[in-house]
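A.B. asks: This is the structure I want to talk about, given as structure tokens.
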Amino acid sequence: MDCIFCKIVAGEIPVVTVLDEDKVLAFMDINPASRGHMLVVPKNHAENIFEISEADLTAVMGAVKRCSGAVKEALGAEGITVLQLNGKASDQLVPHLHVHIMPRWEKDGMSVSQWQMGKGDIGELQEIARRVQEHLA
Ligand code: 5GP
Ligand code: ZN
């Protein structure tokens, strides 16, 4: 499979490694959006959150928690943005699941969470929740 993150996991493309575990690799993002920006990926290929097994996702998120705490302490970050995109409509570029860890500082100017907010319609919220619950059952 021609997957860039699988090649990184296989050691075919060099990266700056942060954490190398049985199921998970964490490495520095090559185009950091903030100082200390890193990525956490499962070693088993899964394109997105719909495909990954719960066991692999649990391992990924455990590593995300530990790497977030470690980079916060290492760089004196004031906050951490954790971001994971699924599908082109969500701006996912690399089709191998990855979680971004982006250290943040007050007034750093990043606009990652600056979306337009508007009051929801309670009837529509209830209808959406009901429809989702049908698919959870
Ligand atoms: P996304 O798919 O969530 O939009 O972002 C993909 C991320 O992977 C980007 O932040 C990009 O800089 C990073 N990336 C893409 N190719 C490489 C690579 O070869 N090495 C590393 N270290 N990061 C990469
Ligand atoms: Zn892959």
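Read-outs throughout are calculated quantities, based only on the coordinates presented, and are distinct from any laboratory measurement. From a predicted model like this one, the values you see are computed outputs, not experimental measurements. Backbone-built Cβ (ideal geometry, glycine too); neighbour counts: all protein chains shown.
A.B. asks: Any residue in the range 1-25 that's within 16 Å of ligand 2 (Cβ to nearest atom): show its pairings with residues that are among the acidic types (Asp, Glu) and part of a loop (DSSP other than H, G, I, E, B) at Cβ separation under 7 Å, as long as the two are six or more apart or on different chains.
C.D. replies: Partner pairs satisfying both residue conditions: none exist.
A.B. asks: With the condition being more than 16 Å from ligand 2 (Cβ to nearest atom) and surrounded by fewer than 17 Cβ atoms within 10 Å (Cβ to Cβ), I'd like the strands (runs of 3 or more DSSP E) fully within the range 28-137 carrying at least 1 qualifying residues.
C.D. replies: Working: elements: 38-42, 79-83, 99-104.
Ranges flagged: 79-83.
A.B. asks: Just one of the numbered conditions (1) within 19 Å of Pro95 (Cα to Cα); (2) touching a residue at least 12 places away in the same chain (Cβ under 8 Å); (3) more than 14 Å from ligand 1 (Cβ to nearest atom) is not true of Ser53; which one?
C.D. replies: If we test Ser53 against (1) within 19 Å of Pro95 (Cα to Cα); (2) touching a residue at least 12 places away in the same chain (Cβ under 8 Å); (3) more than 14 Å from ligand 1 (Cβ to nearest atom), just (2) comes out false.
A.B. asks: Could you run through the range 5-27 and say how many residues are buried (at least 18 other Cβ atoms within 10 Å of the Cβ) and either of a type in the set (Ser, Thr, Tyr) or assigned to a strand (DSSP E or B) (or both)?
C.D. replies: Here the count works out to 5.
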